[in-house]
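Since the structure comes first, as structure tokens, the remarks are kept for the end.
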Ligand code: TYD
Ligand code: MG
């Protein structure tokens, strides 16, 4: 057996090697040379004796589920994304770019939790108490039952828990706290993993609802890695364009509820405000009867969200045509533009194409495919799509339009905002009855073009 001591670990994927060098896994998967960083192995922890186990297998029907385990957060949008409240003893990771508003969100959540649950301990390992207090004052937060602590050493925090007895704990951020018995620097994979594991013990052992803030690297993964995502109960991402006021909280993993739920907030001087009707927000500045603008009804979890897609297709000024995509998947858009050219005969291969989701929104669903295709065609043909029409459908490589889920809820939401007709996949149109607006079913991209832009 290798003597205990150093290991060399990749800070991106967690690959460990006894020798220094670069990470072979990252080289294979992404072609990048990532240097391995030396880490001291954590001292062995005493395992439990197998002869006196603290846990044992239980018949499923005898498992106790405590009632009243969920607590309302006081913030409806957060409550929704968590799957219906904060669960006692749960470990929640909130990831996002620096400056997106994670600390602000948790500050507001902590205030609300202090009112409903009991004492909340906010460990601020990045900002001084004065900085947090200044923001709290600006947001009008008066901290009853809200304890603030600027401390980076997690073992010190743990030692104080018996005195403080918090019902909820916020660690801001997991990359700046550390355990002193590990020699690696805060933010390294080893520290993040061990701190995460320690907080898991604390959360489960004491029944404290624990929130971790995690910064995201520029590659878009949680820095100090996926190990945390496996460990925690719930992973939420807080996202948005830095130049836009709206923020979306998205569940990507949730042991206590469905994922794909989103919560929408608006940034204000006085903190984050909930946006109960996000569709109205996104469509507020929509140009009427402008070529290249299409509204799609996307479904985020159980909630329909209307978004405006915009495309600008223009003759390439020189060389290779450019494609620029904001708010949608770049490769998906390229694929859809190719389908439009090849299957519907629109010669846009030689054109520059820009696609954008208005208001800084984001589409992730294939149900928005047909909307993207139609927006591009509308811009190319210089013909607008009727302002009261929504477009829905997944597009396949042969130009076929495929069914989408939840047609009724999507159209209901559209009807509430004043839309009067819809282009939908034919298979959907045939099986649905009693839809809230007249629909035209289409089987192919060409069908849709024929209806919207007759010769
Ligand atoms: P902050 O919560 O510190 O971001 P993060 O913790 O993700 O790095 O927010 C960044 C800045 O934006 C901070 O100076 C406070 C400000 N802010 C507002 O003024 N209003 C808001 O609604 C939010 C979310 C942030
Ligand atoms: Mg912060």
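The values are calculated or read from the model by the stated rules, or taken from the named source; none is laboratory data. The structure displayed is predicted, hence computed values, not measured ones. Cβ placement follows ideal geometry from the backbone for every residue including glycine, while neighbour counts extend to all protein chains displayed.
Quick rundown of the values:
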item	result
Residue within region 378-385 that is within 14 Å of residue 336 (Cβ to Cβ), buried (at least 22 other Cβ atoms within 10 Å of the Cβ), at pLDDT 90 or above and within 32 Å of the chain's Cα centre (by Cα) present	yes
Boolean, residue 282 is surrounded by 22 or more Cβ atoms within 10 Å (Cβ to Cβ) and part of a strand (DSSP E or B)	no
Residue within region 91-106 that is more than 16 Å from ligand 2 (Cβ to nearest atom), touching a strand residue (DSSP E or B) at 6+ places or on another chain (Cβ under 7 Å) and not in a loop (DSSP other than H, G, I, E, B) present	yes
Members of region 167-178 that are under 23 Å from the mean Cα position of the chain (by Cα) and away from ligand 1 (no atom under 16 Å from the Cβ)	168, 169
Residue satisfying all of: in region 100-130; within 15 Å of ligand 1 (Cβ to nearest atom) and more than 26 Å from residue 266 (Cβ to Cβ); surrounded by the most Cβ atoms within 10 Å (Cβ to Cβ) among these	123
Subset of region 179-215 that is under 15 Å from residue 228 (Cβ atoms) and in a strand (DSSP E or B) - its residue that is farthest from the chain's Cα centre (by Cα)	210
Failed item in (1) at pLDDT below 75; (2) within 30 Å of residue 250 (Cα to Cα); (3) in contact with a strand residue (DSSP E or B) (Cβ under 9 Å, 6 or more places away or on another chain), with residue 41 passing the rest	(2)
Residue 257 vs. criteria over 17 Å from residue 357 (Cβ atoms) and within 16 Å of ligand 2 (Cβ to nearest atom)	no
Residue that is touching a strand residue (DSSP E or B) at 6+ places or on another chain (Cβ under 9 Å), in a helix (DSSP H, G or I) and surrounded by fewer than 24 Cβ atoms within 10 Å (Cβ to Cβ), where the choices are 451, 374	451
Filter pass, residue 276 being surrounded by fewer than 20 Cβ atoms within 10 Å (Cβ to Cβ) and within 30 Å of residue 346 (Cβ to Cβ)	no
Tally, over region 415-428, of residues that are modelled with pLDDT under 90 and in contact with a strand residue (DSSP E or B) (Cβ under 7 Å, 6 or more places away or on another chain)	1
Within region 300-315, considering residues that are at pLDDT 85 or above and surrounded by fewer than 20 Cβ atoms within 10 Å (Cβ to Cβ), the one nearest to ligand 2 (Cβ to nearest atom)	312
Pairs where the first residue, in region 240-254, is assigned to a loop (DSSP other than H, G, I, E, B) and the second is within 16 Å of ligand 2 (Cβ to nearest atom), C-beta under 6 Å, 6+ apart	240/247; 245/267
Filter result (within 17 Å of residue 203 (Cα to Cα), in a helix (DSSP H, G or I) and touching a residue at least 24 places away in the same chain (Cβ under 8 Å)) within region 131-172	154, 155, 157, 158, 161, 164
Residue ID - nearest to ligand 2 (Cβ to nearest atom), chosen from residues in region 63-90 that are assigned to a strand (DSSP E or B) and modelled with pLDDT under 80	71
Region 216-238, subset at pLDDT 85 or above and assigned to a strand (DSSP E or B), residue farthest from ligand 1 (Cβ to nearest atom)	234
Residue among 137, 163, 97, 144 that alone is away from ligand 1 (no atom under 16 Å from the Cβ) and out of contact with any helix residue (DSSP H, G or I) (no Cβ under 9 Å at 6 or more places or on another chain)	163
Test result for residue 311, within 16 Å of ligand 1 (Cβ to nearest atom), over 23 Å from residue 406 (Cβ atoms), in contact with a strand residue (DSSP E or B) (Cβ under 8 Å, 6 or more places away or on another chain) and part of a strand (DSSP E or B)	no
